[in-house]
Each structure stands twice: as C-alpha cells, then as structure tokens.
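Structure first, commentary second.
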Amino acid sequence: MIGIRNRLQLQKMRDAGALLREVLDKVRERIEPGVTTRRLDQLAESLIRKGGAIPSFLHYNGYPASLCTSVDDQVVHGIPNDVPLREGQILSIDGGLTLDGWQADSAFTVGIGQISAKARALIEATERSFYQGIAQAREGKRVSDIGHAVQSYVERFGFKPVRALCGHGIGRRIHEEPEVPNFGEPGRGVRLRAGMTLAVEPMIVTGDWPVHRLPDGWTEVTDDGGLCAHYEHTIAVTPDGADPEILTLPGATLAQMLAEVGA
C-alpha cells in the first residue's frame, strides 16, 4: 500500500532529511585519496547516532554497514572496507537513517582527486538527470514520467540508466511502494498524489545497463566493467501540481537546483 503523509508526518521526514544531509555533507568533506570506506562508514554511524537517529542500512536484511560505498563499476550496495581510495576513482555514497520512526535516504557520487573527463561527465549527467526526473514528480503525473525524464536526459550524453535497480517509496520503512524506475515510457504506473514520499535515485552507467551481484551477496557491478554514478534524494509530492519538496536537501527548491547544476 502506498502511504500518503499528513502535515505532521512530513515534518518528521523533513527532520530526518535535514539530519541525513548534515551527516553526508560531513562524510563528503572527508573523501580524499588514501581514506578508507570503512573510516567513512564509521564516521557516518557516529554522526547518525549523535543526532539521535539510527542507521537504516545497518543490519537491514543482514547488511553489515551504515553506508553503501560503491567504487567505479560498483553500482550500489558496495560494502565499506579497509582498501584506501585511489586518485582517479569515483565513489558513490548511499546513506539512510531513521529519526523518530521516519526514514531519509540519499546518495551522491564524487571523484577521488583528479578523474577522467568521461567520469566527470557521468557524475554531472547523473545529478542533472535526478532534477530532470523530479520535475515530473507532480500531483496527477504518473511514476513512469520520472523515469522517462531520467532516461531521456542521460541518453543525450551517451549514458544509460540501470534497469535492474530502481528508486522506491519511503516513509516508516526504508523501502515502500511504489517502485520508481529510471527508464521507460511516460504515462504509465501509479498516479502521483500529494503527500507521497519517494526516494528517486538515478543509477547511470557509461556502458551497457546489465548488472550482476558479487559473491559478497550485496555489491552490484556492471557486467561490462563500465563506470556507474548514483544520485538520490528523498522527495515529497506537493499539492496542486507544484514542484516537489526535496526533503534531504533542506531549503533548496527545484528551480534553484536546476539552475545550479545547469540542467
């Protein structure tokens, strides 16, 4: 069943989103060549608990960490480890927390030191595609309108969205209905209503879209070894067809972000 949040519930999710934003901003500041993803994970867990929240990912279906840290061809669910990050790699950080019973989920991708022009273009296109996608997240639209906008945008640059993984509804649980694919034809699927809360998360690759899971049982990687970038925020659909609210980017409007990232 798809949840519709009331005013008080949305405020709870804003609070969770604001805390997650603070945590991920501090994690981002520590990303550099030589740091390990395990150290980033430890920092995130400490900050989440200091803020009075619980890491949503830790022990979720047995997952062993508070962050997902995915490097280069790893799409999602990379497990933090003790291998130092190297110049030229790209790193996707995905984090979630539960505050007062309500969830927030967000992800970003960054380059480690100097990266290739192609990797930089991938990261930028992925972020911009998120904002193109959520521009369609309006009351009366359908969920496939979001994915169609993401796919249409990234394909202009020669990139492709991953098809086996998608965004999702979010509320009291980290994963709820509906699924939010990053591809497809418009005008299909669930009709969007005010009060719906979604985690929209383009996962975009330089090569082809098929992926597979590593023997660790979690890490998804591209079949062809192509790079992947990941960008995500938790959003709320607003009344009267207005722009969605970005709950994990407090104070920012869609128009502001579209202008800022040049989408």
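Quick rundown of the values:
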{"item": "Percent of C-alpha pairs per 10 Å bin, the chain, short to long", "result": "8, 33, 39, 19, 2"}
{"item": "Dipole of segment 1-71, positive direction: furthest Cα of Leu19, Leu67, Gln9, with charges on the beta-carbon", "result": "Gln9"}
{"item": "Computed over segment 223-263: relative contact order in percent, which uses C-alpha pairs under 8 Å that are six or more apart", "result": "25 percent"}
{"item": "Proximal lysine pairs, the chain, alpha carbons under 23 Å, eight or more residues apart or interchain", "result": "4"}
{"item": "Accessible-area ranking of Asp223, Asp208, largest first, probe 1.4 Å", "result": "Asp223, Asp208"}
{"item": "Segment 235-243 - phi-based ³J(HN,Hα) in whole Hz, Karplus 6.51/-1.76/1.60, Gly and Pro as x", "result": "10, 10, 6, 10, x, 6, x, 6, 4"}
{"item": "Counted charge near Lys160, where neighbours are those whose Cβ lies closer than 13 Å (Asp, Glu -1; Lys, Arg +1)", "result": "-2"}
{"item": "Per residue solvent-accessible surface (Å²) - the chain, probe of 1.4 Å", "result": "42 Å²"}
{"item": "Potential lengthening between Gln89 and Leu258 on full extension [0.36 nm per residue; Cα-Cα distance subtracted]", "result": "58.2 nm"}
{"item": "Gaussian network model of the chain, Cα within-10 Å springs - most flexible of Ile115, Ile204, Ile235", "result": "Ile115"}
{"item": "Estimated 222 nm signal from helices in the chain, with DSSP H stretches of n ≥ 4 weighted -39500 (n - 2.57), rounded to 500", "result": "-9500 deg cm²/dmol"}
{"item": "Carbon and sulfur %, accessible surface of the chain computed with the full protein complex present, 1.4 Å", "result": "49 percent"}
{"item": "Total charge dipole magnitude, the chain, about the Cα centre, Cβ charges on Lys, Arg, Asp, Glu only, Debye to nearest 20", "result": "560 debye"}
{"item": "Dipole of segment 155-252, positive end: most advanced residue of Pro161, Gly195, Gly226 [Cβ charges, Cα centre]", "result": "Gly195"}
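The values are calculated or read from the model by the stated rules, or taken from the named source; none is laboratory data. Because the structure is predicted, anything quoted here is derived from the model rather than measured. Note that we place each Cβ from the backbone using ideal geometry, even for glycine, and neighbour counts take in every protein chain shown. We work out accessible area using only protein heavy atoms, side chains counted, and drop any ligands, DNA or RNA first. Shrake-Rupley method; radii C 1.70, N 1.55, O 1.52, S 1.80 Å.
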